[in-house]
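**Student:** Got a structure here, written out as structure tokens. Questions coming.
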């Protein structure tokens, strides 16, 4: 059984896509480590990068070429000042030179040496191959696969799993929802408490708290930035940022100078029923507008679905419970991460494998379950909420116009957040004895639906809105 930490599911990185941006970025870093291990790094004179399948078909819109160059340059997606990205890329394009891992200058012409192949590799639809050259001869070839949520694997690791049992170090390992519920019952603990015990087996609770605070601070900063940034998004669709206008109309006379003051200002604002929906939508739109402009976000479980979880958690803090504190944030993120990990183990969190049900659907399920625990739901009701949220995202396609994480991706985060809140309310009024569709059944159904889905609806921009709407008309 595979151990997946909450911090595997919630990772800080740069937008617009965890599979198409963060994954290739991390793959470049891993390849550099391989080169150093094999004593080939200092021999590299130039590089070719081949992108396959979905990475190729929508790579331009997802800034995959930018991510590869930044990873090869030794930049860290968690810490790079995002305002520097354009100048770094411009310099590489202008000089055809790259500071390889920040250590040595090599030749690279991005237009010639980053190849967008339209073919698919058999193992996974997001394939990337790095080739190193010395004296015009290949000295190393390595292929990676970006499997969603910033996770990167090599094919041999997957084959290894078929032949050898991977031991999980968690004291309470879970593969399915039934496993999780059994541990809750046996230990008489909530889901967040069980997940915390697992996390404490690999790091101290102080370390857990520090990292969860860093994740929440990044989410909060992202919402704040999105609500205070005006103009159009990059990429050619000329999509106007809506979070700014919506926020201006909602906040009234409230004044603040930082994200913390912002929360308290919203808490002190009289909110009418219709405004609740607008606030939640505003938070979600804000995150994904930041994501679409190569800003810093948290995979939840992916970049394309990064707005659902922070907007639902923000809803709890500013609407449901004005006394909400870090302990509530901690519980929410622990539960959300665990639900996401079960979907990753039993299905997929990659739109290139499962369509948008694997991104917005999973994020909505994660948020719904987490909110249910904070609202007093039992472990059974937490999974009921997650099931309801996913049930009503089944079959959702991934068809981004122009390969950009903008239309329909940004609005889908707002819809996923609203569905998560509704799912939590429905679950709290549900007697677990009357449930007809168990959580594990919907996980399996999502995976079966993913396998049946036509490939043109899996992040290839070959179907749906991606072909119905002409970029030139936008």
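The values are calculated or read from the model by the stated rules, or taken from the named source; none is laboratory data. Worth saying up front: this structure is predicted, and the values here are computed from it rather than measured. No Cβ is skipped: glycine too gets one built from the backbone with ideal geometry, and neighbour counts run over all protein chains shown.
Residues are listed down the side, and each one gets a yes or a no for (1) over 16 Å from residue 17 (Cβ atoms); (2) buried (at least 23 other Cβ atoms within 10 Å of the Cβ):
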residue: 378; (1), (2): yes, no
residue: 382; (1), (2): yes, yes
residue: 386; (1), (2): yes, yes
residue: 391; (1), (2): yes, no
residue: 394; (1), (2): yes, no
residue: 412; (1), (2): no, yes
residue: 424; (1), (2): yes, yes
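**Student:** On to the next question. For segment 122-142, give me each residue that is at pLDDT 95 or above and closer than 24 Å to residue 461 by Cβ.
**Tutor:** If the condition is that a residue be at pLDDT 95 or above and closer than 24 Å to residue 461 by Cβ, then 127, 128, 129 are the ones that fit.
**Student:** If we scan segment 267-279, do we find a residue that is in contact (Cβ under 8 Å) with a residue 40 or more places away in the chain, under 24 Å from the mean Cα position of the chain (by Cα) and assigned by TED's automatic domain parsing to the domain that holds residue 363?
**Tutor:** yes
**Student:** Hey, any hits in segment 205-218 for a residue that's within 30 Å of residue 466 (Cα to Cα), assigned by TED's automatic domain parsing to the domain that holds residue 404 and either out of contact with any helix residue (DSSP H, G or I) (no Cβ under 9 Å at 6 or more places or on another chain) or not in a loop (DSSP other than H, G, I, E, B) (or both)?
**Tutor:** Taking every residue of segment 205-218 in turn, none turns out to be within 30 Å of residue 466 (Cα to Cα), assigned by TED's automatic domain parsing to the domain that holds residue 404 and either out of contact with any helix residue (DSSP H, G or I) (no Cβ under 9 Å at 6 or more places or on another chain) or not in a loop (DSSP other than H, G, I, E, B) (or both).
Each row is one residue, and each column tells you yes or no for (1) on the phi > 0 side of the Ramachandran plot; (2) outside any loop (DSSP other than H, G, I, E, B); (3) free of Cβ contacts under 8 Å to residues at least 60 places away in the same chain.
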site	(1), (2), (3)
430	no, no, yes
437	no, no, yes
440	no, yes, no
444	no, yes, no
450	no, yes, no
456	no, yes, yes
460	no, no, no
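**Student:** It is to be established whether one or more residues within segment 149-157 are in contact with a strand residue (DSSP E or B) (Cβ under 8 Å, 6 or more places away or on another chain), modelled with pLDDT under 95 and assigned to a helix (DSSP H, G or I).
**Tutor:** Yes, segment 149-157 contains at least one residue that is in contact with a strand residue (DSSP E or B) (Cβ under 8 Å, 6 or more places away or on another chain), modelled with pLDDT under 95 and assigned to a helix (DSSP H, G or I).
**Student:** Residues that are more than 22 Å from the chain's Cα centre (by Cα) and part of a helix (DSSP H, G or I): does segment 17-26 have at least one?
**Tutor:** no
**Student:** Condition (residue is surrounded by 24 or more Cβ atoms within 10 Å (Cβ to Cβ), outside any loop (DSSP other than H, G, I, E, B), under 14 Å from the mean Cα position of the chain (by Cα) and assigned by TED's automatic domain parsing to the domain that holds residue 277) applied to segment 312-325: is it met by at least one residue?
**Tutor:** No, segment 312-325 has no match at all.
**Student:** Go through the residues of segment 402-420 one by one and say whether even a single one is touching a strand residue (DSSP E or B) at 6+ places or on another chain (Cβ under 6 Å), within 30 Å of residue 238 (Cα to Cα), in contact (Cβ under 8 Å) with a residue 24 or more places away in the chain and assigned to a loop (DSSP other than H, G, I, E, B).
**Tutor:** no
**Student:** Can you find even one residue in segment 175-183 that is assigned by TED's automatic domain parsing to the domain that holds residue 407, modelled with pLDDT of 95 or more, touching a strand residue (DSSP E or B) at 6+ places or on another chain (Cβ under 8 Å) and surrounded by 16 or more Cβ atoms within 10 Å (Cβ to Cβ)?
**Tutor:** no
**Student:** Which one of these does residue 112 not meet: (1) surrounded by fewer than 18 Cβ atoms within 10 Å (Cβ to Cβ); (2) closer than 30 Å to residue 301 by Cβ?
**Tutor:** Condition not satisfied by residue 112: (2).
**Student:** Kindly provide the set of residues from segment 158-172 that are surrounded by fewer than 16 Cβ atoms within 10 Å (Cβ to Cβ) and modelled with pLDDT of 95 or more, ordered by number.
**Tutor:** 171
**Student:** Considering only segment 94-121, state which residues are touching a helix residue (DSSP H, G or I) at 6+ places or on another chain (Cβ under 9 Å) and outside any strand (DSSP E or B).
**Tutor:** 96, 101, 103, 108, 109, 110, 111, 117, 118, 119, 120, 121
**Student:** Let me ask something else. For segment 3-16, name all the residues that are outside any helix (DSSP H, G or I) and within 14 Å of the chain's Cα centre (by Cα). It would help to see each step written out before you state the result.
**Tutor:** Taking segment 3-16 and keeping what is outside any helix (DSSP H, G or I), we get 3-5, 10-16.
Residues satisfying the conditions are 10, 11, 12, 13, 14, 15, 16.
**Student:** A follow-up question, please. May I ask you to list the residues in segment 267-299 that are in contact with a helix residue (DSSP H, G or I) (Cβ under 7 Å, 6 or more places away or on another chain), surrounded by fewer than 24 Cβ atoms within 10 Å (Cβ to Cβ) and in a helix (DSSP H, G or I)?
**Tutor:** 267, 275, 276, 277, 278, 279, 280, 281 - these are the residues of segment 267-299 that are in contact with a helix residue (DSSP H, G or I) (Cβ under 7 Å, 6 or more places away or on another chain), surrounded by fewer than 24 Cβ atoms within 10 Å (Cβ to Cβ) and in a helix (DSSP H, G or I).
**Student:** Further question on the same structure: Answer yes or no as to whether residue 241 is surrounded by fewer than 17 Cβ atoms within 10 Å (Cβ to Cβ), in the same structural domain as residue 465 (by TED's automatic domain parsing) and either without any contact (Cβ under 8 Å) to a residue 24 or more places away in the chain or on the phi < 0 side of the Ramachandran plot (or both).
**Tutor:** For residue 241, the condition - surrounded by fewer than 17 Cβ atoms within 10 Å (Cβ to Cβ), in the same structural domain as residue 465 (by TED's automatic domain parsing) and either without any contact (Cβ under 8 Å) to a residue 24 or more places away in the chain or on the phi < 0 side of the Ramachandran plot (or both) - is not met.
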